[in-house]
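Structure record follows, encoded as C-alpha coordinates.
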Amino acid sequence: MRPLSLKDIVSVETLQELQDNFSNVTKMAMVMVDYQGVPITEFSNYTEHCLRLRKFDECRKFCFASDAYSGLRSTRKSEPYIYTCYAGLTDVSVPIIFQGQVLGSILMGQIRVKDRKFPEAIIGDKSEIEHILKGDIQKQLFNEVDIVEEKDLLNAVKLIGILAKYILEIGSNNLVKIELNDKNERLKNEMNIRLSMEKMLRESEVKVLKSQVNPHFLFNILNNINNLAMIENADRTSEMVYSFTEMLRYTMKNESNDKVSLREEVNYTRQYLKIQYMRFGDNLEYDLNIDESLLDSDCPFMILQPIVSNAIDHGLFRKENHGIIKIEIFEEDGNIVIEIIDNGIGMEQEKIDKILNTGRLNIYSESGMGIGLVNIDKRLLHLYGNKHRLEIESEINKYTHVTIRIPK
(Lines give C-alpha, C1' and ligand atoms only; values in the text may rest on other atoms or scores of the structure.)
Protein backbone atom coordinates (compact mmCIF):
# COMPACT_ATOMS: atom_id res chain seq x y z
CA MET A 1 0.00 0.00 0.00
CA ARG A 2 1.22 3.50 -0.80
CA PRO A 3 1.72 5.83 2.18
CA LEU A 4 -1.19 8.06 3.13
CA SER A 5 -1.04 11.71 2.18
CA LEU A 6 -2.82 14.68 3.72
CA LYS A 7 -5.26 14.86 0.82
CA ASP A 8 -6.26 11.24 1.46
CA ILE A 9 -7.86 12.16 4.78
CA VAL A 10 -8.74 15.86 4.34
CA SER A 11 -9.99 17.47 1.14
CA VAL A 12 -7.62 19.86 -0.62
CA GLU A 13 -10.34 22.53 -0.48
CA THR A 14 -10.47 22.31 3.33
CA LEU A 15 -6.69 22.37 3.63
CA GLN A 16 -6.51 25.41 1.34
CA GLU A 17 -9.14 27.30 3.34
CA LEU A 18 -7.40 26.60 6.64
CA GLN A 19 -4.02 27.51 5.21
CA ASP A 20 -5.22 30.82 3.73
CA ASN A 21 -6.84 31.86 7.02
CA PHE A 22 -3.80 31.03 9.14
CA SER A 23 -1.46 32.66 6.63
CA ASN A 24 -3.46 35.88 6.81
CA VAL A 25 -3.32 35.80 10.63
CA THR A 26 0.42 35.13 10.90
CA LYS A 27 1.34 37.37 7.92
CA MET A 28 3.68 34.64 6.68
CA ALA A 29 3.81 32.56 3.54
CA MET A 30 2.40 29.04 3.83
CA VAL A 31 2.02 25.85 1.85
CA MET A 32 1.23 22.24 2.74
CA VAL A 33 3.37 19.49 1.24
CA ASP A 34 3.19 15.70 1.19
CA TYR A 35 5.75 13.34 2.70
CA GLN A 36 7.97 13.86 -0.36
CA GLY A 37 7.92 17.66 -0.13
CA VAL A 38 5.60 18.11 -3.12
CA PRO A 39 3.02 20.90 -2.59
CA ILE A 40 -0.58 19.83 -2.00
CA THR A 41 -2.10 23.29 -1.69
CA GLU A 42 -1.60 26.53 -3.62
CA PHE A 43 0.84 29.04 -2.11
CA SER A 44 -0.56 31.53 0.40
CA ASN A 45 1.10 34.97 0.68
CA TYR A 46 4.30 33.78 -1.01
CA THR A 47 6.94 36.48 -1.41
CA GLU A 48 7.85 37.74 -4.85
CA HIS A 49 11.38 36.56 -4.03
CA CYS A 50 10.30 32.91 -3.73
CA LEU A 51 7.73 33.02 -6.52
CA ARG A 52 10.39 34.18 -8.95
CA LEU A 53 12.87 31.48 -7.87
CA ARG A 54 10.29 28.75 -8.39
CA LYS A 55 9.88 29.80 -11.99
CA PHE A 56 13.37 28.40 -12.66
CA ASP A 57 13.40 24.59 -12.94
CA GLU A 58 16.81 24.28 -11.26
CA CYS A 59 15.74 26.49 -8.35
CA ARG A 60 12.40 24.74 -7.96
CA LYS A 61 14.26 21.43 -7.46
CA PHE A 62 16.18 23.01 -4.57
CA CYS A 63 12.91 24.28 -3.11
CA PHE A 64 11.36 20.80 -3.12
CA ALA A 65 14.54 19.20 -1.76
CA SER A 66 14.80 21.79 1.00
CA ASP A 67 11.13 21.28 1.92
CA ALA A 68 11.53 17.49 2.03
CA TYR A 69 14.74 17.73 4.09
CA SER A 70 13.18 20.07 6.64
CA GLY A 71 10.09 17.88 6.82
CA LEU A 72 12.29 14.89 7.60
CA ARG A 73 14.14 16.80 10.31
CA SER A 74 10.88 17.92 11.94
CA THR A 75 9.29 14.45 11.89
CA ARG A 76 12.34 12.79 13.45
CA LYS A 77 11.80 14.85 16.60
CA SER A 78 8.02 15.21 16.12
CA GLU A 79 8.30 18.96 16.57
CA PRO A 80 8.65 22.09 14.40
CA TYR A 81 12.00 22.66 12.70
CA ILE A 82 13.16 26.23 12.04
CA TYR A 83 15.81 26.55 9.35
CA THR A 84 17.37 28.76 6.69
CA CYS A 85 16.50 27.73 3.14
CA TYR A 86 19.04 27.62 0.31
CA ALA A 87 17.99 31.14 -0.72
CA GLY A 88 18.75 32.65 2.70
CA LEU A 89 15.22 33.07 4.12
CA THR A 90 13.93 31.66 7.40
CA ASP A 91 11.32 28.91 7.08
CA VAL A 92 9.55 26.52 9.46
CA SER A 93 8.44 22.92 8.93
CA VAL A 94 5.64 21.64 11.18
CA PRO A 95 5.12 17.86 10.82
CA ILE A 96 1.73 16.20 10.49
CA ILE A 97 1.99 12.64 11.85
CA PHE A 98 -1.03 10.35 11.94
CA GLN A 99 -0.85 6.98 13.71
CA GLY A 100 2.92 6.93 13.37
CA GLN A 101 2.87 7.74 9.66
CA VAL A 102 4.16 11.01 8.21
CA LEU A 103 1.41 12.51 6.09
CA GLY A 104 3.26 15.71 5.23
CA SER A 105 4.23 19.06 6.66
CA ILE A 106 3.01 22.62 6.98
CA LEU A 107 5.69 24.96 5.68
CA MET A 108 5.65 28.63 6.64
CA GLY A 109 8.00 31.55 6.77
CA GLN A 110 9.83 33.23 3.88
CA ILE A 111 10.94 35.91 6.31
CA ARG A 112 14.11 37.34 7.75
CA VAL A 113 14.53 37.12 11.51
CA LYS A 114 16.19 40.04 13.26
CA ASP A 115 19.58 39.25 14.84
CA ARG A 116 19.21 35.49 14.38
CA LYS A 117 20.59 32.94 11.92
CA PHE A 118 19.07 29.44 11.90
CA PRO A 119 20.74 26.24 10.53
CA GLU A 120 20.76 25.88 6.77
CA ALA A 121 18.80 23.15 4.97
CA ILE A 122 20.84 22.79 1.79
CA ILE A 123 20.67 19.76 -0.48
CA GLY A 124 23.49 19.39 -3.01
CA ASP A 125 25.75 21.95 -4.70
CA LYS A 126 23.95 25.18 -5.45
CA SER A 127 26.77 26.72 -7.44
CA GLU A 128 24.78 26.25 -10.64
CA ILE A 129 22.12 28.69 -9.41
CA GLU A 130 24.40 31.27 -7.77
CA HIS A 131 24.01 33.55 -10.79
CA ILE A 132 20.27 33.66 -10.11
CA LEU A 133 20.56 34.20 -6.36
CA LYS A 134 23.15 36.96 -6.78
CA GLY A 135 21.41 38.69 -9.64
CA ASP A 136 20.27 42.28 -9.12
CA ILE A 137 16.57 41.46 -9.34
CA GLN A 138 16.79 38.63 -6.82
CA LYS A 139 18.88 40.72 -4.42
CA GLN A 140 16.33 43.50 -4.57
CA LEU A 141 13.46 41.07 -3.90
CA PHE A 142 15.42 39.56 -0.98
CA ASN A 143 15.85 42.97 0.63
CA GLU A 144 12.12 43.60 0.34
CA VAL A 145 11.32 40.52 2.49
CA ASP A 146 9.89 41.42 5.91
CA ILE A 147 12.12 41.31 8.98
CA VAL A 148 10.40 40.02 12.15
CA GLU A 149 11.34 39.55 15.78
CA GLU A 150 12.24 36.04 16.91
CA LYS A 151 9.45 36.03 19.52
CA ASP A 152 6.88 36.79 16.81
CA LEU A 153 8.16 33.85 14.78
CA LEU A 154 7.93 31.50 17.79
CA ASN A 155 4.36 32.62 18.54
CA ALA A 156 3.43 31.95 14.90
CA VAL A 157 5.00 28.46 15.16
CA LYS A 158 2.79 27.67 18.20
CA LEU A 159 -0.27 28.78 16.27
CA ILE A 160 0.59 26.56 13.31
CA GLY A 161 1.09 23.66 15.74
CA ILE A 162 -2.54 24.11 16.74
CA LEU A 163 -3.50 24.04 13.06
CA ALA A 164 -1.63 20.75 12.57
CA LYS A 165 -3.55 19.15 15.48
CA TYR A 166 -6.84 20.42 14.10
CA ILE A 167 -6.08 18.93 10.67
CA LEU A 168 -5.36 15.56 12.32
CA GLU A 169 -8.67 15.73 14.17
CA ILE A 170 -10.54 16.38 10.92
CA GLY A 171 -8.63 13.60 9.18
CA SER A 172 -9.30 11.12 11.96
CA ASN A 173 -13.04 11.80 11.80
CA ASN A 174 -13.01 11.49 8.01
CA LEU A 175 -11.17 8.16 8.15
CA VAL A 176 -13.74 6.81 10.60
CA LYS A 177 -16.50 7.78 8.16
CA ILE A 178 -14.63 6.17 5.25
CA GLU A 179 -14.08 2.96 7.21
CA LEU A 180 -17.75 2.86 8.23
CA ASN A 181 -18.86 3.34 4.63
CA ASP A 182 -16.53 0.56 3.48
CA LYS A 183 -17.80 -1.70 6.24
CA ASN A 184 -21.41 -0.96 5.28
CA GLU A 185 -20.65 -1.89 1.68
CA ARG A 186 -19.06 -5.17 2.73
CA LEU A 187 -22.02 -6.02 4.94
CA LYS A 188 -24.66 -4.99 2.43
CA ASN A 189 -25.06 -8.43 0.89
CA GLU A 190 -24.91 -10.11 4.27
CA MET A 191 -27.66 -7.81 5.56
CA ASN A 192 -29.87 -8.80 2.63
CA ILE A 193 -29.34 -12.46 3.53
CA ARG A 194 -30.16 -11.73 7.17
CA LEU A 195 -33.39 -9.99 6.20
CA SER A 196 -34.36 -12.95 4.04
CA MET A 197 -33.61 -15.35 6.86
CA GLU A 198 -35.54 -13.19 9.30
CA LYS A 199 -38.55 -13.34 7.04
CA MET A 200 -38.24 -17.10 6.85
CA LEU A 201 -37.94 -17.28 10.62
CA ARG A 202 -41.12 -15.29 11.17
CA GLU A 203 -42.96 -17.68 8.89
CA SER A 204 -41.65 -20.77 10.66
CA GLU A 205 -44.47 -21.04 13.18
CA VAL A 206 -46.26 -24.30 13.78
CA LYS A 207 -49.01 -23.54 11.24
CA VAL A 208 -46.40 -23.07 8.49
CA LEU A 209 -44.73 -26.32 9.42
CA LYS A 210 -47.97 -28.15 8.71
CA SER A 211 -47.81 -27.17 5.03
CA GLN A 212 -47.39 -29.70 2.23
CA VAL A 213 -43.68 -28.96 1.67
CA ASN A 214 -41.69 -32.16 1.86
CA PRO A 215 -39.44 -31.88 4.95
CA HIS A 216 -36.64 -33.86 3.33
CA PHE A 217 -36.64 -31.55 0.31
CA LEU A 218 -36.54 -28.48 2.56
CA PHE A 219 -33.63 -29.77 4.65
CA ASN A 220 -31.71 -30.75 1.53
CA ILE A 221 -32.05 -27.22 0.16
CA LEU A 222 -30.91 -25.67 3.45
CA ASN A 223 -28.03 -28.11 3.62
CA ASN A 224 -26.96 -27.07 0.10
CA ILE A 225 -27.15 -23.39 1.07
CA ASN A 226 -25.05 -24.10 4.14
CA ASN A 227 -22.43 -25.97 2.11
CA LEU A 228 -22.29 -23.12 -0.43
CA ALA A 229 -21.80 -20.57 2.36
CA MET A 230 -18.92 -22.65 3.78
CA ILE A 231 -17.28 -22.89 0.35
CA GLU A 232 -17.53 -19.10 -0.04
CA ASN A 233 -16.17 -18.59 3.51
CA ALA A 234 -19.40 -16.87 4.58
CA ASP A 235 -19.14 -18.11 8.14
CA ARG A 236 -21.90 -15.92 9.56
CA THR A 237 -24.29 -16.95 6.82
CA SER A 238 -23.46 -20.60 7.44
CA GLU A 239 -24.07 -20.15 11.16
CA MET A 240 -27.43 -18.52 10.52
CA VAL A 241 -28.54 -21.28 8.14
CA TYR A 242 -27.48 -23.93 10.67
CA SER A 243 -29.40 -22.25 13.50
CA PHE A 244 -32.47 -21.85 11.34
CA THR A 245 -32.28 -25.50 10.24
CA GLU A 246 -32.10 -26.65 13.86
CA MET A 247 -35.19 -24.59 14.67
CA LEU A 248 -37.12 -26.10 11.77
CA ARG A 249 -36.06 -29.61 12.75
CA TYR A 250 -37.28 -29.02 16.31
CA THR A 251 -40.70 -27.68 15.31
CA MET A 252 -41.29 -30.40 12.68
CA LYS A 253 -40.29 -33.10 15.09
CA ASN A 254 -42.60 -31.91 17.88
CA GLU A 255 -45.52 -30.28 16.06
CA SER A 256 -47.87 -33.01 17.33
CA ASN A 257 -46.41 -33.15 20.86
CA ASP A 258 -47.79 -31.21 23.79
CA LYS A 259 -44.65 -31.68 25.87
CA VAL A 260 -40.91 -31.84 25.19
CA SER A 261 -37.81 -31.89 27.33
CA LEU A 262 -36.71 -28.57 28.80
CA ARG A 263 -33.31 -29.16 27.17
CA GLU A 264 -34.87 -29.19 23.69
CA GLU A 265 -36.87 -26.07 24.43
CA VAL A 266 -33.76 -24.22 25.69
CA ASN A 267 -31.70 -25.32 22.69
CA TYR A 268 -34.42 -24.11 20.34
CA THR A 269 -34.47 -20.72 22.06
CA ARG A 270 -30.69 -20.56 22.00
CA GLN A 271 -30.66 -21.01 18.20
CA TYR A 272 -33.29 -18.29 17.90
CA LEU A 273 -31.16 -15.91 19.99
CA LYS A 274 -28.11 -16.62 17.83
CA ILE A 275 -30.05 -15.52 14.75
CA GLN A 276 -31.32 -12.41 16.51
CA TYR A 277 -27.79 -11.58 17.63
CA MET A 278 -26.64 -11.73 14.01
CA ARG A 279 -29.54 -9.44 13.22
CA PHE A 280 -28.84 -6.81 15.90
CA GLY A 281 -25.08 -7.34 16.41
CA ASP A 282 -23.68 -5.75 19.56
CA ASN A 283 -26.99 -3.96 20.18
CA LEU A 284 -28.32 -7.22 21.61
CA GLU A 285 -26.89 -9.10 24.56
CA TYR A 286 -28.34 -12.27 26.06
CA ASP A 287 -27.38 -14.26 29.12
CA LEU A 288 -28.60 -17.77 30.05
CA ASN A 289 -28.24 -18.89 33.66
CA ILE A 290 -29.64 -22.42 33.80
CA ASP A 291 -29.61 -25.22 36.37
CA GLU A 292 -28.40 -28.06 34.13
CA SER A 293 -29.93 -30.72 36.42
CA LEU A 294 -33.42 -29.57 35.39
CA LEU A 295 -32.98 -29.89 31.63
CA ASP A 296 -34.27 -33.46 31.39
CA SER A 297 -37.62 -32.43 32.90
CA ASP A 298 -40.76 -32.14 30.79
CA CYS A 299 -42.20 -28.79 29.75
CA PRO A 300 -44.87 -27.60 27.29
CA PHE A 301 -43.82 -27.36 23.65
CA MET A 302 -42.95 -23.84 22.37
CA ILE A 303 -43.31 -22.16 25.74
CA LEU A 304 -40.02 -20.24 26.01
CA GLN A 305 -39.14 -18.89 22.56
CA PRO A 306 -42.42 -16.99 21.97
CA ILE A 307 -41.79 -14.98 25.16
CA VAL A 308 -38.24 -14.18 24.06
CA SER A 309 -39.55 -13.25 20.60
CA ASN A 310 -42.14 -10.97 22.16
CA ALA A 311 -39.43 -9.30 24.27
CA ILE A 312 -37.27 -8.60 21.21
CA ASP A 313 -40.01 -7.54 18.76
CA HIS A 314 -42.12 -5.44 21.12
CA GLY A 315 -39.59 -4.48 23.78
CA LEU A 316 -36.02 -4.26 22.53
CA PHE A 317 -36.71 -3.57 18.84
CA ARG A 318 -38.25 -0.21 19.76
CA LYS A 319 -35.45 0.62 22.19
CA GLU A 320 -32.61 2.82 20.93
CA ASN A 321 -30.05 1.70 23.51
CA HIS A 322 -28.27 -1.58 24.17
CA GLY A 323 -30.81 -4.41 24.57
CA ILE A 324 -30.35 -7.17 27.16
CA ILE A 325 -32.29 -10.41 27.66
CA LYS A 326 -31.69 -12.69 30.63
CA ILE A 327 -33.08 -16.19 31.00
CA GLU A 328 -32.95 -17.81 34.44
CA ILE A 329 -34.06 -21.42 35.08
CA PHE A 330 -33.96 -22.80 38.61
CA GLU A 331 -35.94 -24.93 41.10
CA GLU A 332 -38.08 -23.39 43.82
CA ASP A 333 -40.68 -25.04 46.08
CA GLY A 334 -41.02 -28.11 43.86
CA ASN A 335 -41.43 -26.04 40.70
CA ILE A 336 -39.18 -25.36 37.74
CA VAL A 337 -39.09 -21.56 37.52
CA ILE A 338 -38.34 -19.96 34.16
CA GLU A 339 -37.73 -16.20 34.19
CA ILE A 340 -37.28 -14.02 31.09
CA ILE A 341 -36.14 -10.48 31.81
CA ASP A 342 -35.49 -7.71 29.28
CA ASN A 343 -34.57 -4.02 29.55
CA GLY A 344 -36.94 -2.94 26.79
CA ILE A 345 -39.66 -0.30 26.68
CA GLY A 346 -41.84 -2.17 29.15
CA MET A 347 -45.64 -2.52 29.31
CA GLU A 348 -48.36 -0.59 31.08
CA GLN A 349 -50.26 -2.49 33.76
CA GLU A 350 -53.45 -2.13 31.73
CA LYS A 351 -51.86 -4.09 28.85
CA ILE A 352 -50.61 -6.76 31.24
CA ASP A 353 -54.11 -7.17 32.67
CA LYS A 354 -55.59 -7.53 29.16
CA ILE A 355 -52.99 -10.13 28.15
CA LEU A 356 -53.72 -12.24 31.22
CA ASN A 357 -57.48 -11.88 30.69
CA THR A 358 -57.99 -14.72 28.17
CA GLY A 359 -61.43 -13.42 27.30
CA ARG A 360 -59.84 -10.30 25.72
CA LEU A 361 -57.66 -12.16 23.18
CA ASN A 362 -59.10 -10.35 20.15
CA ILE A 363 -57.79 -6.99 21.39
CA TYR A 364 -54.27 -7.99 20.38
CA SER A 365 -55.00 -10.19 17.37
CA GLU A 366 -54.33 -7.43 14.84
CA SER A 367 -50.91 -6.20 15.98
CA GLY A 368 -49.71 -9.53 17.35
CA MET A 369 -48.66 -7.81 20.55
CA GLY A 370 -49.19 -10.22 23.44
CA ILE A 371 -50.98 -12.93 21.49
CA GLY A 372 -48.13 -15.41 22.14
CA LEU A 373 -48.25 -14.59 25.85
CA VAL A 374 -52.03 -15.15 25.89
CA ASN A 375 -51.63 -18.60 24.29
CA ILE A 376 -48.92 -19.61 26.77
CA ASP A 377 -51.05 -18.46 29.71
CA LYS A 378 -54.00 -20.50 28.40
CA ARG A 379 -51.88 -23.63 27.99
CA LEU A 380 -50.38 -23.33 31.48
CA LEU A 381 -53.84 -22.90 32.94
CA HIS A 382 -55.11 -25.96 31.04
CA LEU A 383 -52.11 -28.17 31.91
CA TYR A 384 -51.36 -27.21 35.51
CA GLY A 385 -54.21 -25.18 36.94
CA ASN A 386 -54.72 -21.64 38.16
CA LYS A 387 -51.62 -21.58 40.41
CA HIS A 388 -49.30 -21.91 37.43
CA ARG A 389 -50.50 -19.07 35.23
CA LEU A 390 -48.12 -16.65 33.57
CA GLU A 391 -46.68 -13.89 35.77
CA ILE A 392 -45.75 -10.53 34.23
CA GLU A 393 -44.13 -7.56 35.93
CA SER A 394 -43.03 -4.45 34.06
CA GLU A 395 -42.01 -0.82 34.40
CA ILE A 396 -42.20 1.59 31.47
CA ASN A 397 -38.82 2.24 29.78
CA LYS A 398 -37.04 0.03 32.31
CA TYR A 399 -37.83 -3.70 32.18
CA THR A 400 -40.30 -6.54 31.65
CA HIS A 401 -40.10 -9.67 33.82
CA VAL A 402 -42.06 -12.78 32.75
CA THR A 403 -42.18 -15.86 35.02
CA ILE A 404 -43.33 -19.42 34.28
CA ARG A 405 -43.72 -22.04 37.02
CA ILE A 406 -43.91 -25.69 35.94
CA PRO A 407 -44.42 -28.51 38.43
CA LYS A 408 -41.25 -30.60 38.53
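The values are calculated or read from the model by the stated rules, or taken from the named source; none is laboratory data. All of these numbers come straight from a predicted model, not from anything done at the bench. Please note: Cβ atoms are built from the backbone with ideal geometry, for glycine as well, and neighbour counts cover all protein chains shown. Each accessible area value is taken on the protein alone, full model and side chains, heavy atoms only, with ligands, DNA and RNA left out. Shrake-Rupley method; radii C 1.70, N 1.55, O 1.52, S 1.80 Å.
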Problem - Inter-residue pairs, beta-carbon under 7 Å, first assigned to a helix (DSSP H, G or I) and in the range 227-242, second open to solvent by 90 Å² or more (accessible area, probe 1.4 Å) and of a type outside the set (Gly, Ala, Ser), 6+ apart - result: SER238/MET230
Fill in the blank from the handout: Of those in the range 312-327 that are at pLDDT 85 or above and open to solvent by 10 Å² or more (accessible area, probe 1.4 Å), the residue farthest from LEU195 (Cα to Cα) is LYS326
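What is the residue count in the range 41-59 for residues that are within 44 Å of the chain's Cα centre (by Cα) and open to solvent by 60 Å² or more (accessible area, probe 1.4 Å)?
Keep residues of the range 41-59 that are within 44 Å of the chain's Cα centre (by Cα), which gives 41-46.
If we keep only those that are open to solvent by 60 Å² or more (accessible area, probe 1.4 Å) as well, we get 42-43, 45.
Counting residues in the range 41-59 that are within 44 Å of the chain's Cα centre (by Cα) and open to solvent by 60 Å² or more (accessible area, probe 1.4 Å) gives 3.
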Problem - ILE340 being modelled with pLDDT of 85 or more and open to solvent by less than 70 Å² (accessible area, probe 1.4 Å) - result: yes
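For the range 289-313, what are the residues that are of a type in the set (D, E, K, R) and farther than 22 Å from ILE345 by Cα?
ASP291, GLU292, ASP296, ASP298
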Handout entry: Where TYR399 falls short, out of the listed (1) open to solvent by 50 Å² or more (accessible area, probe 1.4 Å); (2) at pLDDT below 85
Key = (2)
Practice task
Would you check if LYS354 is surrounded by 16 or more Cβ atoms within 10 Å (Cβ to Cβ), assigned to a loop (DSSP other than H, G, I, E, B), at pLDDT below 90 and of a type in the set (Lys, Arg)?
Solution key: no
Problem - Among (1) in contact with a strand residue (DSSP E or B) (Cβ under 9 Å, 6 or more places away or on another chain); (2) of a type outside the set (A, V, I, L, M, F, W, C); (3) surrounded by fewer than 21 Cβ atoms within 10 Å (Cβ to Cβ), the one test that THR269 misses - result: (3)
Practice task
Would you be able to say whether some residue in the range 65-74 is open to solvent by 30 Å² or more (accessible area, probe 1.4 Å), at pLDDT 90 or above and of a type outside the set (A, V, I, L, M)?
Solution key: no
Handout entry: Residue ID - farthest from GLY171 (Cα to Cα), chosen from residues in the range 124-154 that are part of a loop (DSSP other than H, G, I, E, B) and open to solvent by less than 70 Å² (accessible area, probe 1.4 Å)
Key = GLY135
Handout entry: Contacts under 6 angstrom Cβ, first residue in the range 382-408 being in a helix (DSSP H, G or I), partner crowded, with 17+ Cβ neighbours inside 10 Å and at pLDDT 90 or above, 6 or more apart
Key = HIS388/ARG405
Fill in the blank from the handout: Scanning the range 283-311 residue by residue, those free of Cβ contacts under 8 Å to residues at least 40 places away in the same chain, part of a helix (DSSP H, G or I) and open to solvent by 10 Å² or more (accessible area, probe 1.4 Å) turn out to be GLU292, SER293
